[in-house]
Structures are given as structure tokens and as C-alpha cells.
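First up is the structure itself, then whatever we jot down about it.
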Amino acid sequence: MNSEIKIVGIAGSLRRGSYNKAALRAAIDLLPDGASLEILDLADLPFFDEDLEAAGPVPAVERFKSKLAEADALLIATPEYNYSLPPALKNALDWASRGQQTPLAGKPVAIMSASIGRFGGARVQYHLRQVCVALKLQALTSPEVFISEAHEKFDAEGRLTDERTKNSLKKLLQALVDQTRKIKQYN
């Protein structure tokens, strides 16, 4: 199967210097052959509001959902906020789950997290996996990527410098591409 696997990446953090955004940028250089990664910015999405939804199409939401629909797979990099998902990520997933077009159902998703703490976002990954069930996303169970003490693994320009983390990301991306190819083969 020679068709390119299109992956969309989203970071749960809106912070300009986010280690999770940096991890997504690093993933672009670590992709296996035959895959591409487009990183989407969540900053333009308004907070979910049923009144806003009922008023008609929201252009930023329509663009976001269209990009998700065009993708074969999803890569989420997220920090942990109070043992859970950051509001920007939860908001994006809520918007993606609404309306006629629900572009996440059935898609494979790989999850990674970066944190300055020792746990590397383990609790957010657990919580996000629960949300993936409701969204009918097919979350990869392994390998798991927790980038702990991220401030020591990225340089001042946000480039990933830790070889062990690079190898973990490569394995995660390969698993995502392999799972996506398997799903596409049977659809």
C-alpha cells in the first residue's frame, strides 16, 4: 500500500513555548516514510456553546473539522492540567464530536504528553483515553510516550535533543502509521 498516511497533530496547550507543541514539531522530522503530519492550532476555536452552534456554521470549527476529516489518523500531544485535560483540548474534542460531521469516529489516535514533572503527563493520558472511547477514536495502547522533565529534553529553541525520547517518538509514530494502514486495508 503506497498511499501516504495523513496525520493531523494537535497540542493541548496554547502556550507559544509549549513542550507539547515542540514534541509535535519534532514528530515531523521523525515520521516514517509514507506519512505526513500537519499541526493544527486550536487557538481560533471558540469555547463550545450550544447557542453558538445553533446559530449556524462557525468558520473556525468548520475548518478544524474539515482538516480532521481529511486526515487518516490523529496525534495528540498534551500537558496535564490538574490531573486532566487542558480546556483547549477538551473544547476542540467537544466541537469535533458535534453535528452531522463527526470526523473522529473510527480514526486511530496516538497520544503523547510532555511535562516538566516526573510523571510526564501519565494522568492526562489515562483521562484522554477515556474520552477517546466516547468519541469512538481508536487509541493506540502502546507504545506509551511520557516526556518527563521536558525542560531537560528540549533546547532553548524548542528542539528535541534527547535521543531516548526521539526513539520513543519514532516507535509511536511507526505504530500509528502501521495501525492506520491496517485500518485502511479493511475499509
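The values are calculated or read from the model by the stated rules, or taken from the named source; none is laboratory data. Nothing here was measured: the structure is a model prediction, and the numbers come from that model. Neighbour counts run over all protein chains shown; Cβ positions are idealised from the backbone, glycine included.
Quick look at the numbers
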{"quantity": "Counted residues, segment 106-124 - those being at pLDDT below 95 and on the phi < 0 side of the Ramachandran plot", "calculated": "7"}
{"quantity": "Which listed residue is over 15 Å from the mean Cα position of the chain (by Cα), assigned to a loop (DSSP other than H, G, I, E, B) and surrounded by 13 or more Cβ atoms within 10 Å (Cβ to Cβ), from ARG118, ARG98", "calculated": "ARG98"}
{"quantity": "Matching residues in segment 36-81 - criterion: being closer than 29 Å to GLU149 by Cα, of a type in the set (Gly, Ala, Ser) and touching a Lys or Arg at 6+ places or on another chain (Cβ under 8 Å)", "calculated": "SER36, ALA73, ALA77"}
{"quantity": "Options PRO108, PRO87, PRO79: the member that is in contact with a strand residue (DSSP E or B) (Cβ under 9 Å, 6 or more places away or on another chain), of a type outside the set (Ser, Thr, Tyr) and over 21 Å from ALA22 (Cβ atoms)", "calculated": "PRO108"}
{"quantity": "Only listed residue being of a type in the set (Asp, Glu) and either loosely packed, with under 14 Cβ neighbours inside 10 Å or under 13 Å from the mean Cα position of the chain (by Cα) (or both), chosen from GLU80, GLU70", "calculated": "GLU70"}
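The rows are residues; the columns are (1) under 21 Å from ASP33 (Cβ atoms); (2) in contact with a Phe, Trp or Tyr (Cβ under 8 Å, 6 or more places away or on another chain).
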| residue | (1), (2) |
| --- | --- |
| ALA105 | no, no |
| ALA122 | no, yes |
| LEU140 | yes, no |
| ILE147 | no, yes |
| HIS151 | no, yes |
| SER168 | yes, no |
